[in-house]
Amino acid sequence: MNRILIIGGYGHVGQKIARRLIAAGKSVTIAGRDAGKAAAAAKRLGCQGALDLSRPESWEGPLAGAEVVICCLDTESADFAGAVLSRGLAYLDISATDQVLRRIEALDGLAQEKGGLAVLSVGLAPGLTNLLVREARERCPEATRFRIGVLLGLGDSHGPAAIDWTLGSLAPLGRGDIQPLRFGRDRRAQPTIPFDFADQHSLMRRGYRRVETRLALASPLIASWSLRLLAWMAGRPGLRKALAASMPYLRVGSDRTALVVEAFTADGSAPALRLTLEGRQEAEVTALVAAEVALRLPQLSARGVRHLDELLRYDDLRPVLAGEGIAREGRG
């Protein structure tokens, strides 16, 4: 498996994935909606640039020379994923948008018929969050509820698409929506809000009991009142646009990223099990997971459309994660 096509490979995360795969000796092609950006990124990375996602007639050549396709942007339909799977190829998607993943899930029959494999929920959240929930259920089978916490650092570097997606996913906050949640070994809990990462939805569709995902932002600027203000501003188009333009320059805080998964039983208000993960630079973690999964594809015999937690356990990725300073702990 040497020929890999990255859709959105000129983006913030896409370029990081490309660098990792090129360093692993793979042949990478960069593509996306903007052919000019794809060509420029390919030149910087020393790989090829091709394919206009908006023109299906441009797909045939690049797909004919690919074995794996990694999608790093939210597609408006499942047409491209269907074109990949109808050729019996492997398709990885790092989208955190449940609507996107639902459309690809509907291609399971096609993928199985043609011998293709689509791997969804590849990244930090969804991705590592799914693996931690799987482990939590295996270690605490009596759990009736799982709570996922995702901490992103405002001092980290986030791409324009990720910033816009995050702001667009912020919902108005009601009474009780802001709840404290402790990450790692922190003594103080962080204020968290409900957030529409795809992990909670895909896990419940596949038989998990109640799952919720919450978001925290690591920065001295963030408190309960500023979270409410941020959600209010994100709900107004003009203010949201101004926020999206200014946030790359408001990197106040650390580049820390962290996860926590708590498992609750029916008779307990405190978690029966708590798993945590600590790392740096969310985009790098997502790129690491995506690249590692792409490199492992020849070892996977599955066909159809599968989420990451249906194919791997956290322990399968533990060595490569630990090698880049990403640590996991469990209590309970």
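The values are calculated or read from the model by the stated rules, or taken from the named source; none is laboratory data. Model, not experiment: these values are computed from the prediction. No Cβ is skipped: glycine too gets one built from the backbone with ideal geometry, and neighbour counts run over all protein chains shown. Ligands, DNA and RNA are stripped out before the accessible areas are found, and what is left, the full protein with its side chains, is counted by its heavy atoms. Shrake-Rupley method; radii C 1.70, N 1.55, O 1.52, S 1.80 Å.
Roughly speaking, what is the centre-to-centre gap between the stretch 108-124 and the stretch 128-177 when only Cα atoms are used, to the nearest Å?
23 Å
Which net charge results for the neighbourhood of Glu142, defined as the other residues with beta-carbon distances under 13 angstrom from its beta-carbon, given Lys and Arg at +1 and Asp and Glu at -1?
+2
Ignoring everything except DSSP H segments at least 4 long, calculate the 222 nm mean residue ellipticity for the chain; use -39,500 (n - 2.57) per segment, divide by total residues, nearest 500.
-11000 deg cm²/dmol
Which percent of the accessible area of the chain is formed by carbon and sulfur heavy atoms (probe 1.4 angstrom)?
50 percent
Please say if the stretch 237-301 is rounded, prolate or oblate, where rounded means a/c under 1.5 for a ≥ b ≥ c the square roots of the C-alpha gyration tensor eigenvalues, and otherwise the choice is prolate for a/b larger than b/c and oblate otherwise?
Cα axes put the stretch 237-301 in the oblate bin.
Once you've got the GNM for the chain with C-alpha springs shorter than 10 Å, pick whichever of Ala23, Ala234, Ala189 has the biggest mean-square fluctuation.
Result for the chain, Cα springs under 10 Å: Ala23 fluctuates most.
In nanometres, what is the gap between the two model label sites at Asp316 and Arg185, each 7 Å from Cα along Cα-to-Cβ?
With each label point 7 Å from Cα toward Cβ, the separation is 3.1 nm.
What angle, in degrees between 0 and 90 and rounded to the nearest 10, separates the Cα long axis of helix 282-296 from the longest principal axis of the Cα atoms of the chain?
50 degrees
Just add up the charged neighbours of Glu105: K/R +1, D/E -1, any other residue whose Cβ is under 11 Å from the Cβ of Glu105.
So the environment of Glu105 carries a net charge of +2.
When ligands, DNA and RNA are left out and all protein chains stay put, how many square angstrom of accessible area per residue does the chain have with a 1.4 Å probe?
44 Å²
So which residue, out of Glu292, Glu138, Glu278, gets the largest mean-square fluctuation from a GNM of the chain using Cα contacts under 10 Å as springs?
Answer for the Gaussian network model of the chain: Glu138.
Taking only the alpha-carbon atoms of the stretch 275-332, what semi-axes of the equivalent ellipsoid follow from 5 times the gyration tensor eigenvalues under a square root, in whole Å, largest first?
22, 14, 10
Could you state the orientation-averaged shadow area of the convex hull built on the Cα atoms of the chain, in nm² to one decimal?
So the Cα hull casts an average projection of 16.5 nm².
Regarding the stretch 60-152, what are the three Cα extents along the principal axes, ordered largest first, in Å?
Projected onto its principal axes, the Cα set of the stretch 60-152 covers 48, 30, 20 Å.
Amide H to amide H, which residues 5 or more places from Leu215 or on other chains are under 5 Å from it, using H placed in the peptide plane?
Residues meeting the amide H criterion: Val150, Ile193, Phe195.
Would you please give the residues with an amide H less than 5 Å from that of Tyr91, counting only those at least 5 places away or on a separate chain, with H modeled from the backbone geometry?
Val69, Leu117, Ala118, Val119
Using a basic spin-label model with each label point 7 Å from the Cα along Cα→Cβ, how many nm lie between Ser27 and Ser246?
4.9 nm
For the chain, what is the percent of antiparallel DSSP beta bridges, rounded to the nearest 5?
About 45 percent, rounded to the nearest 5.
Considering only Ala270, Ala218, Ala287, give the residue with the highest GNM mean-square fluctuation for the chain, with springs between Cα atoms whenever their separation is below 10 Å.
It is Ala270.
Provide the net charge surrounding Gln190, with neighbours chosen by a C-beta distance below 12 Å and charges set as Lys +1, Arg +1, Asp -1, Glu -1.
My count for the surroundings of Gln190 gives +4.
For the stretch 209-224, in order, what is each residue's ³J(HN,Hα) by Karplus, 6.51 cos²θ - 1.76 cosθ + 1.60 with θ = phi - 60°, in whole Hz (x at glycine and Pro)?
5, 3, 10, 10, 10, 10, 10, 10, 10, 7, 5, x, 7, 9, 9, 4
What's the FRET efficiency of Ser254 with Arg139 using the Cβ-Cβ distance as r and R₀ = 35 Å, to the nearest 0.05?
The calculated FRET efficiency here is 0.70.
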